[in-house]
1. Please list, in order along the range B:153-163, the HN-Hα scalar couplings obtained from phi with the Karplus expression 6.51 cos²θ - 1.76 cosθ + 1.60 (θ = phi - 60°), rounded to whole Hz, x for Gly and Pro.
2. Taking each residue in B:50-61, count the Cβ atoms of any other chain within 10 Å of its Cβ, then average. What number comes out?
3. By the scheme Lys and Arg +1, Asp and Glu -1, what is the net charge of all other residues having a beta-carbon under 11 Å from that of B:Asn50?
4. Treating the Cα atoms of the range B:1-154 as identical point scatterers in vacuum, please give the log10 of the normalised Debye intensity I(q)/I(0) at q = 0.10 Å⁻¹, two decimals.
5. Among B:Tyr103, A:Trp167, A:Ile219, whose Cα lies farthest out toward the positive end of the dipole of the protein assembly as shown, if unit charges sit on the beta carbon of Lys, Arg (+1) and Asp, Glu (-1)?
6. Nearest 20 debye, what's the magnitude of the dipole of the range B:6-49 about its Cα centre given +1 on Lys and Arg Cβ and -1 on Asp and Glu Cβ?
7. For A:Lys90, which lysines qualify as cross-link partners when the Cα separation must be under 22 Å and same-chain residues fewer than eight apart are set aside?
8. Between A:Gln58 and B:Ser327, what is the label-to-label distance in nm when each label sits 7 Å out along the Cα-to-Cβ direction?
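Read-outs: derived from the displayed coordinates by stated rules, not from any lab. In this text the structure is predicted, and so the values were computed from the model without any measurement. We place every Cβ from the backbone using ideal geometry, glycine too, and count neighbours over all the protein chains shown.
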Protein chains: 2
Amino acid sequence: MKHVTIIDVAKALNCSISTVSRAFNDKYDIRPETREKILKVAEDMGYSPNPIARKLKQKCSYNIGVVVPEFLNPFFPEVIIGIQDVFLKKGYQILIMQSNECYQTELENLQTLVDNFVDGIILSLSQESKNSNFLQKLIEKGYPLVLFNRVNESLAVPKVVFDDYKWSFFATEHLIQQGLTKLIHLAGPNHINLSNSRAQGFMDAHRKHKIPVSNKNIIETGFLVVDGERVVAKLISENMLPEGFVCVNDPTAMGAMKALKHHGIKIPKDVAVIGFSETPMAELIDPPLSSVKQPTYQMGEVAAELLLKQIESNMFNIPETVVLSGSLSVRESSVKR
Amino acid sequence: MKHVTIIDVAKALNCSISTVSRAFNDKYDIRPETREKILKVAEDMGYSPNPIARKLKQKCSYNIGVVVPEFLNPFFPEVIIGIQDVFLKKGYQILIMQSNECYQTELENLQTLVDNFVDGIILSLSQESKNSNFLQKLIEKGYPLVLFNRVNESLAVPKVVFDDYKWSFFATEHLIQQGLTKLIHLAGPNHINLSNSRAQGFMDAHRKHKIPVSNKNIIETGFLVVDGERVVAKLISENMLPEGFVCVNDPTAMGAMKALKHHGIKIPKDVAVIGFSETPMAELIDPPLSSVKQPTYQMGEVAAELLLKQIESNMFNIPETVVLSGSLSVRESSVKR
DNA sequence: TTTTTTTCCGGAAACGTTTCCGAAAATCGA
DNA sequence: TCGATTTTCGGAAACGTTTCCGGAAAAAAA
């Protein structure tokens, strides 16, 4: 599609392109009357500065890449909104990619963003992420990168995480304080940091209350509805149900509930269920699901600000980790009467 | 961040930049041995062609704008995945914007995309969209644009829609065929096409079965969970509950269910509920929600292909409308035993 | 009135590619 | 061996901005 250019505007006004450019950008070095005239004629002609030429000259793409494991559940979209609100104000565009919880797709997404010369990347690792070679190479090149939520501790890069340990501890304690002692943690994939932190919180809550607990109380499950459903169905078939489930996230909790209800097991009367990374649906399902609520919008804002700081400083900084806190929404699914 | 350029590679090889360019792009007009050597040295040097310079020369941004009303519910993210899969294969990047169901935000999103010289836009209107002046101006300029799902019939532009009328008819008929005659349609905003089509399907299903029906059976509600909840709470307080609700979408249906359950009204025993635009949660809530399922991924693919055709043809084409069909998932929420 | 200073504008280089056109070298045929 | 043809490569313009530097005109000061 043909665009009106600065050359067209200059010719129409019988002035130079640098004069037109100063009219659009300068706050000085142009006579006010000349500036008004240029802006008016440019608007009448439908001129709008070509961002591609500007970016070439300024050596900056004004694009930010955001890679999330998935965006069908509202958690990551809520974070993305926080990221967008910060960057759009600064004139950046956001390229959103989702990895469908697949490591290979995550790598392709990262490569695509790098090939497009994005100015920085904000990434949450997919369920299958194991190898950080690619990320390590980006970091070594000085590529601006921020990790959030699902991070890899070994990478020297700014991070925004949640206090998974603490809130998993509290969620577990909430059940223990109601007299439940036989609990199972439906954990996330073992190589993901937040899975381990949440599992650790689960264990330490038991230890604090001197309740026997072992690695058998932790079952590596996954992050998806089908994962929770599968594992709980298996436990039911083996007649090994606990008094309560502490789940790594809401989709897994919902899957657990689905399997329990399918077998006529009452929640929370027979088995209590508590989730994590609260979804808006937590309130709507029956019974309403207790869950740890995370400040997703703020997580996005903080991640964006960390990346902006990295882009603008153009210097090596000691990467910081921001740890966010949350709350526990107690609903029917975990309250024994 | 400093990038290796084609000039650096040419100097290292003591050849010209046009030779390096031909090595990366040509399939002819370069000696094969020269080409291999250039590609190897370029890789060793970490050279990657600068997409910004390429875009300036080719007068194409390779960016596509996608504007959706919201992306916290999985419907629009599922469509976006279809769009992305088509465009990423063709070397395009997708800029995803969400309007938070707000017309003003939608306009700002569109303006931002236009200012960034995107090559085309795929848009679904927000709940508040009323005025199409901005879109009409884009169309008049020949700007490639495709509307999907929530469209404005008066705009001469390619569209991808669903057979809302037909499936609303079938959903209503499903309840009527179980002997329900007192039904209410929780409708979307009146100025949105699919709201009217779904309302019309609801009416005509009654007429087919010669059941009295009037405009009082249609209540303009909205698209959100809180909308359904508010309207049904009001009906309960006025003691004006129907035998069944046919809802404009799943969030509204879930809100309706929430209000009914809050007042101890049993679903579907006392009041049946049926939704539309099936969300994965439909199966998880209690009772599982009947809903009209739409082919979201296909909707994205078709929208992307229509836009690609428009971008590549560079000619005026008579805009086509693709109408997709779906299915009705019958679950407990609408089955009277 | 003259000299000095300031303001405003224009010209051109630069950003990093693509691609066209011409020249030099290589190849082929007589 | 020479002329004709083909192949391969280099130089430079172009894409549309930004920005630097210099010059002309205007304004101010002596």
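1. 4, 6, 8, 7, 7, x, 9, 10, 10, 10, 7
2. On the way: counts 5, 8, 15, 5, 2, 7, 7, 2, 1, 5, 2, 3.
So the per-residue partner count for this stretch is 5.
3. Working: positive: A:Lys55, A:Lys59, B:Arg54, B:Lys55, B:Lys57; negative: A:Asp115.
Net charge around B:Asn50: +4.
4. -0.52
5. After comparing all options, I get B:Tyr103.
6. Working: 7 positive and 7 negative charges, 21 e Å.
Here the range B:6-49 has a charge dipole of around 100 debye.
7. Cα-Cα hits under 22 Å: A:Lys27, A:Lys55, A:Lys57, A:Lys59, A:Lys159, A:Lys309, B:Lys2.
8. About 5.0 nm, to one decimal.
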